[in-house]
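A quick write-up on the structure given underneath.
Read-outs: derived from the displayed coordinates by stated rules, not from any lab. Just so you know, these numbers come straight off a predicted model, no measurement behind them. Positions of Cβ are backbone-derived with ideal geometry, glycine not excepted, and every protein chain shown enters the neighbour counts.
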Amino acid sequence: MSNRLAWKWGFIIAILLGSLYLIYPNYKWYSKPLAEREALDTLGERPKRMLNLGLDLRGGSSLLLELEVAKLDKKEPLNEAMSRAIEIIRNRIDQYGLAETQITRQGDKWILVQLPGVANPERAEALIGKTAMLEFRIVKENTEAYSKAIAKLEESEKPFDEDGVLDPAIAQLMPDDDAQIMRSKEGGYMVVTKTAAVTGADLDNAKLTMYGENGYPEVAFSFTAEGSKKFGKLTGANISKRLAIVLDNTIQSAPTIQSRITRDGRISGTFTLDEAKQLTIVLKAGALPAPVKVIEKKTIGPTLGEDSIKSGLTASLFGLILILVFMAIYYKGAGFISDIALVLNLVLLTAVMSYFSATLTLPGIAGIILSLAMAIDANVLIIERMREETLLGKPIYEIIHLGYDKAWSAIFDSNLTTIIVGACLLQFGTGPVKGFAVTLIIGLVVSLFTAVFVTRAIYELILTSNPKEISL
């Protein structure tokens, strides 16, 4: 065996061993019972580099969200607002521990959120929908005029509209322009300053504190350098007054300012552990540019997903077996070599998708089947070219060399054009179309390696030992 051929086979064996190493975690994980996988997933013990199952295969929930464009800041372009909203939603879900989530933009103002494995989407829905408008306002002392306004408000059946704006008839009872009535989480109402000198935009970080002074979970936060200056100025000028900590137009707590506070603070109240955790996440991820509302919600059971997997794998297996049998019978020894390359193609494709933690969907399985068909098509072109050279009576060394050289341009062109189409589907398609495009592109690239490089190395290895063993 020449040094060049030894290098080729060393490279192929290394690729094969690396592929099996990447595939093994998939086998180990998906061979476990569903209940055990879900328990390990919750604990964060899921392997990092492995093939993920999409919503249609694993089951789960799908939410279609609409950004309320009318409530956007007039200065912010829609595209920028949508990009920011998608990024914030992704950060919130990632921090909460919901893995394999796919978040894509649909049209001008809609966002599709797919949550594989999440059969009860209410928890994620509540987390996604929070606008997280955090504000710090000074509580105004209750004067007689304020008391009248609050009494009138309590008598009203609907004192606030859907946007949280106070009824104008009640607002007229307020004695000054810099005063606003807000709900308190503890019940009742408070009068606070109309403007917020410090907001959540000034925060640097937020973290969960398990148990505060009142025995309930709390959220500790810290400000940026600029935010520290603002907060220090606000608290320093209002010592002995109450500071209302407002989240989404609801007063969470209103502690008394004992001294000037600059960098650090905390939000306390009767939070449950889950509420405190969600509040921490939305504060860290930032506020949405505008509220979002759920306009469509779907749930796919895990049983349906398991059936889809079985159907897809059965179809793939039958198709693969038929191709392997046909190639071995019709093309004999050369067909058997093509079969080896085809099986290796499937192994490498699975390994590459596992390395990039790709998400496999039903359309993705279709893309795999099509890429396998393209891979065997390349081998058919090569074998037919070699048969033509055989009829001309050329020696076996020259037949193999000319077969690959003459078939290469057709193989390259057909694969390149299909990859270009796949790239267009990936760029402009959505959801299932993208899943199909990803597996198709990866499969085609891998097939070029197995159909040309690997099969040629097999022929060259056979030629060094017994050239007569090759039958076309």
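Here are the numbers:
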{"read-out": "Over 27 Å (Cα to Cα) - which of Lys293/Lys434; Lys74/Lys207; Lys109/Lys230; Lys71/Lys297; Lys233/Lys277; Lys207/Lys229 fall in this group", "value": "Lys74/Lys207; Lys109/Lys230; Lys233/Lys277"}
{"read-out": "Rounded to whole Hz, the Karplus (6.51, -1.76, 1.60) HN-Hα couplings of the range 328-339, x for glycine and proline", "value": "5, 6, 7, 9, 6, x, 5, x, 5, 4, 5, 4"}
{"read-out": "Reference-scaled alpha-carbon Rg (2.2 N^0.38 Å with N residues) for the range 301-469", "value": "1.13"}
{"read-out": "Computed label-point distance, nm, for sites Leu391 and Lys48 using a 7 Å Cα→Cβ extension", "value": "5.6 nm"}
{"read-out": "Extension reserve of the Ala315-Glu122 stretch, reckoned as 0.36 nm per residue once the Cα distance is removed", "value": "65.9 nm"}
{"read-out": "³J(HN,Hα) computed for each position of the range 446-457 - Karplus, 6.51 cos²θ - 1.76 cosθ + 1.60, integer Hz, glycine/proline x", "value": "5, 5, 4, 5, 6, 6, 9, 6, 5, 4, 5, 5"}
{"read-out": "Inter-label distance for Phe356 and Ser465, nm, one decimal - labels placed 7 Å from Cα along Cα-to-Cβ", "value": "3.6 nm"}
{"read-out": "Ranking of Asp413, Asp377 by count of other Cβ atoms within 10 Å, fewest first", "value": "Asp413, Asp377"}
{"read-out": "Pairwise Cα inverse-distance average, inverted: Kirkwood Rh of the range 370-461 (Å)", "value": "14.1 Å"}
{"read-out": "Relative exposure of Ile150, Ile13, Ile365, judged by other C-beta atoms within 10 Å (fewest first)", "value": "Ile13, Ile150, Ile365"}
{"read-out": "Distant-in-sequence amide H partners of Met50 (H built 1.01 Å from N, under 5 Å)", "value": "Ser357"}
{"read-out": "Contour excess over end-to-end distance, with Cα ends at Asn205 and Ile329 and 0.36 nm allotted per residue", "value": "38.0 nm"}
{"read-out": "Chain lengthening between Leu5 and Ser83 when straightened (0.36 nm per residue, less Cα-Cα)", "value": "23.0 nm"}
{"read-out": "Amide H within-cut-off set for Thr361, under 5 Å, with H built and near neighbours excluded", "value": "Gly54"}
